[in-house]
1. Suppose every K and R has +1 on its Cβ and every D and E has -1 on its Cβ; what is the size of the dipole of region 228-312 about the Cα centre, in Debye to the nearest 20?
2. Whole-Hz ³J(HN,Hα) for each residue in region 114-128, computed from phi via Karplus 6.51 cos²θ - 1.76 cosθ + 1.60 with θ = phi - 60°, x for glycine and proline: what do you get?
3. Angle, helix 148-158 long axis vs. longest principal axis of the chain, Cα atoms, 0 to 90°, nearest 10?
4. In the chain, what % of DSSP beta bridges are antiparallel (nearest 5)?
5. Kindly provide the Kirkwood hydrodynamic radius of region 65-210 in Å, to one decimal, from all pairs of distinct alpha carbon atoms.
6. The chain: Rg/Rh from Cα coordinates, Kirkwood Rh?
7. Cross-link list K110/K284; K33/K78; K100/K261; K110/K292; K181/K261; K181/K237: which exceed 27 angstrom alpha carbon to alpha carbon?
8. Quick one: helix 173-183 against the long Cα principal axis of the chain, what's the angle to the nearest 10°, folded into 0 to 90?
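Throughout, read-outs are computed from the coordinates displayed, never taken from laboratory work. Small disclaimer: the values here were computed from a predicted structure and weren't measured. Don't worry about glycine lacking a Cβ; one is built from the backbone with ideal geometry, like all the others, and counts go over all protein chains shown.
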Amino acid sequence: MDHMRIFSGNSNLPLTQEICEILESPMGAADVKTFSDGEILVDIHESVRGMDIFVVQSTCTPVNTNLMELLIMIDALKRASANRVTAVLPYYGYARQDRKVSPRAPITAKLVADLITAAGANRVLTMDLHAGQIQGFFNIPVDHLFAAPVLLEYMRTKFSGDMVIVSPDAGGVERARAFAKRMKASLAIIDKRRDVPNEAKFMNLIGEVKGLHAIILDDIVDTAGTLVEAASALATKGAAGVYACCVHPVLSGPAIERLNKSIIQEMTITNTIPLSPQAASSPKFKVLSVAKMLADAIQRIHCNDSVSSLFV
């Protein structure tokens with residue numbers, strides 16, 4: 001491990017520190033600063049010549065600033081003669097723009113992949129991409145982890161009675177079905193319509209939830225409109241209790257206020273994105289750490305061992 005270093009931008013320093021503690025490796029010495037005009041300066045304060053470098057950076061809010069920090073850090077490390085640079089993105093921003101939804105729309109997820117590659121990254125390690133095909137947007141190796149083991153371990157200790165795993169939309173059915181199978185629970189699907197971005201309306205419920213503990217499962221919670229609407233629908237249909245579980249807590253706009261006022265009894269999330277002070281102080285949120293999984297993947301990549309056992 002002497003020839004490996006883990007660096008971090010400013011987006012999720014607590015997660016990077018936790019990864020470094022697990023690996024018993026000091027965090028790379030670097031300063032990432034912003035000038036008064038918004039330009040970003042990166043200073044690497046130690047030699048990285050010939051080393052295996054991992055840069056941990058979630059491209060969450062502020063998305064563009066965090067993305068530029070990542071790109072500039074990769075460029076700085078490559079110019080400092082690092083042997084290999086792996087971009088570790090616990091949360092991959094712009095992932096929801098993965099296809100053309102209108103005639104002249106961009107495919108920004110592909111553009112971001114090209115930028116990371118052009119900056120000099122040799123490999124990407126990420127978690128729970130919104131769309132699996134984003135792996136194909138890169139011309140470099142991509143290791144795509146899933147937070148499922150972390151979430152499942154907690155859910156098995158939290159829930160012991162009859163339960164149903166609920167997909168909040170048709171796109172999440174495969175994910176919800178996999179969870180339901182491992183939890184030996186039934187499956188339900190919310191049929192929704194989205195007329196404008198960040199606004200969804202409940203249309204129908206497929207499956208039985210009456211008398212069951214309903215667990216809504218999603219990969220991203222943004223404004224929480226879909227989640228709150230789904231929770232209300234489940235309560236109307238007779239669910240004994242409504243809980244929610246997601247990997248990436250974007251929680252923008254009115255999300256925290258909506259969740260605090262909703263009938264959702266507990267919102268289980270991971271630390272791929274750091275919580276705001278407002279969310280961290282709310283008793284409704286339960287945060288699970290993915291640091292151990294990312295640390296295991298980093299160690300295996302560095303040692304050229306198989307990472308496939310983590311892809312569950």
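1. Working: 7 positive and 5 negative charges, 36 e Å.
Roughly 180 debye, rounded to the nearest 20.
2. The phi angles translate into 5, 5, 5, 5, 5, 5, x, 5, 9, 7, 10, 10, 9, 9, 6 Hz.
3. Taking the Cα atoms of the chain, the angle to 148-158 is about 40 degrees.
4. Values: 11 of 52 bridges.
Bridges in the chain are about 20 percent antiparallel.
5. By the Kirkwood definition, the hydrodynamic radius is 17.9 Å.
6. Numbers: Rg = 20.0 Å, Rh = 20.4 Å.
Computed over Cα atoms, the ratio is 0.98.
7. Details: K110/K284 35 Å; K33/K78 19 Å; K100/K261 35 Å; K110/K292 29 Å; K181/K261 31 Å; K181/K237 23 Å.
The answer is K110/K284; K100/K261; K110/K292; K181/K261.
8. Taking Cα atoms only, the helix is inclined about 80 degrees.
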